[in-house]
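Engineer: I'd like to ask some things about the structure below.
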Amino acid sequence: MYGFELKIPNDWRVEVNPKSTREKGDVAFHSKAGNRFFVTWGNLSNVESRFKSLEEHRDKNVKQIRSGPDVKSVDIAESHDEQISGHRALFSHVTADVKAGMFSRGSYEREMWSIHLYCPEQSRYYVVYCLLRDPKEYPDFAYVFNSMARSLACHPQSRFNS
């Protein structure tokens with residue numbers, strides 16, 4: 001779809017943003033329990049002019065999370081490099097301490113995973129991320145996220161070029 005491929009579980013629902021185009025857009029994948037996995041893409045020159053590195057791009061996204069009205073604190077619990085489709089990809093696991101509710105003094109931890117990837121072949125950036133809403137759905141959601149994220153083919157070999 002729109003020039004990339006991704007393997008997802010068969011029972012997940014796909015929701016394409018109707019404003020998405022080949023140049024810029026996003027798609028959401030919904031699990032049965034409401035966990036959501038997103039892929040966002042856009043023109044690589046737009047992010048290269050704004051950010052010096054994948055880390056700086058990721059940090060801008062973490063800053064956006066921090067600015068949420070119910071967010072008490074945010075921590076990058078894990079960060080490491082991977083190779084996806086032949087490109088350097090920055091994996092990050094972020095935890096956020098979020099206020100439990102308007103009248104509650106408690107809080108709870110919300111987990112998010114992300115990958116930031118630049119693909120010069122397609123002149124695109126990709127941000128793949130997941131917001132975990134129901135941690136009971138999968139005993140090891142990090143494994144689910146990493147498996148799906150590693151399946152990203154940002155410039156798949158076209159079956160129609162032969």
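Engineer: Among the residues of the stretch 60-81, is there at least one that is in contact (Cβ under 8 Å) with a residue 12 or more places away in the chain, over 17 Å from Leu131 (Cα atoms) and open to solvent by less than 70 Å² (accessible area, probe 1.4 Å)?
Structural biologist: Checked the stretch 60-81: no residue is in contact (Cβ under 8 Å) with a residue 12 or more places away in the chain, over 17 Å from Leu131 (Cα atoms) and open to solvent by less than 70 Å² (accessible area, probe 1.4 Å).
Engineer: Something else: Taking the residues in the stretch 36-58 that are among the small types (Gly, Ala, Ser) and free of Cβ contacts under 8 Å to residues at least 60 places away in the same chain as candidates, determine which candidate is surrounded by the most Cβ atoms within 10 Å (Cβ to Cβ).
Structural biologist: Restricting to residues being among the small types (Gly, Ala, Ser) and free of Cβ contacts under 8 Å to residues at least 60 places away in the same chain, the top hit is Ser53.
Engineer: What about Tyr125, is it touching a Gly at 6+ places or on another chain (Cβ under 8 Å), modelled with pLDDT of 90 or more and either closer than 27 Å to Ser45 by Cα or in a loop (DSSP other than H, G, I, E, B) (or both)?
Structural biologist: yes
Engineer: Please work out if Glu137 is more than 24 Å from Pro9 (Cβ to Cβ), in contact (Cβ under 8 Å) with a residue 12 or more places away in the chain and surrounded by fewer than 21 Cβ atoms within 10 Å (Cβ to Cβ).
Structural biologist: no
Engineer: So, in the stretch 105-122, exactly how many residues are hydroxyl-bearing (Ser, Thr, Tyr) and at pLDDT 90 or above?
Structural biologist: 2
The values are calculated or read from the model by the stated rules, or taken from the named source; none is laboratory data. For clarity, every value in this text was computed on a predicted model and none was experimentally measured. Cβ: placed from backbone, ideal geometry, glycine included. Neighbour counts: every protein chain shown. Please note that ligands, DNA and RNA were not included when accessible areas were found on the heavy atoms of the full protein model with its side chains. Shrake-Rupley method; radii C 1.70, N 1.55, O 1.52, S 1.80 Å.
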